[in-house]
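Only the coordinates and a few stated rules stand behind these numbers; no lab work does. Only a predicted model underlies this, so the values are computations on that prediction, with no experimental measurement involved. Don't worry about glycine lacking a Cβ; one is built from the backbone with ideal geometry, like all the others, and counts go over all protein chains shown.
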Amino acid sequence: MLDAIAGWPVGAWLRASDIAYPLVNAAHIASIGLLLGAIVTLDLRLLGAFRRHPIGHLAPPLVRVAAAGLLAAAVTGLLLFSTRPTTYLENPAFLAKLALVGLALLNAMALRLHPWWRSGTYQGEAPGTVRAAVAVSLVAWPSAVVAGRWIGFLQ
């Protein structure tokens with residue numbers, strides 16, 4: 001399967017192009033910026049920052065921006081992965097990044113399933129279980145970014 005990914009024409013094109021790979025890499029970083037910026041803003045609000053702005057007003061657009069950032073980061077990340085799949089899978093920083101993204105996604109899904117969140121009313125302060133998920137989010141997502149930046153140093 002790795003040979004098929006490595007032989008994918010788009011991966012070969014990215015490896016051969018002096019312009020395409022840096023542009024996809026830049027798009028990946030911009031996507032991560034959207035994702036992280038939206039998540040951290042929402043997480044901080046859930047912890048009590050920006051109290052003048054109701055969670056009910058902030059949450060829907062921030063969740064949509066985070067989802068768009070995640071989708072774009074996944075697509076661009078797959079494109080980057082296709083350039084050297086075996087090398088990436090042997091890189092401990094890449095594996096750590098995947099694990100951290102997985103943890104962050106599971107945490108986000110658990111938060112979305114929480115009754116307080118699902119109610120959509122966001123009445124009162126976030127309960128302790130939501131605040132705990134927010135704490136995990138504030139550690140997992142930035143840690144995934146750090147692991148991602150570390151990939152190039154462990155090749």
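Below are the figures for this structure:
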read-out: At least 24 Å along the helix axis (C-alpha) and Kyte average at least 1.0, DSSP helices within the chain; value: 20-46, 55-81, 92-113, 128-150
read-out: Within the chain, helix-based [θ] at 222 nm, where runs of 4 or more DSSP H residues each add -39,500 (n - 2.57), nearest 500; value: -26000 deg cm²/dmol
read-out: Contact order normalised by residue count of the chain, Cα under 8 Å, 6+ apart, percent; value: 30
read-out: Rg and Dmax of the range 42-94, Cα atoms only, in Å; value: 17.0, 49
read-out: Footprinting exposure proxy for Thr83, Thr41 (fewest neighbouring C-beta atoms within 10 Å first); value: Thr41, Thr83
read-out: For His53, His114, His28, order by how many other beta-carbon atoms lie within 10 Å, fewest first; value: His53, His114, His28
read-out: Cubic angstrom per residue, convex hull over Cα atoms of the chain; value: 114
read-out: Options Met109, Thr129, Val75, ranked by Cα towards positive dipole end of the chain, top entry (Cβ charges); value: Thr129
read-out: Dipole magnitude of the chain, debye to nearest 20 (Cβ charges: Lys/Arg +1, Asp/Glu -1, about Cα centre); value: 460
read-out: Least to most buried among Thr76, Thr121 (fewest other Cβ within 10 Å first); value: Thr121, Thr76
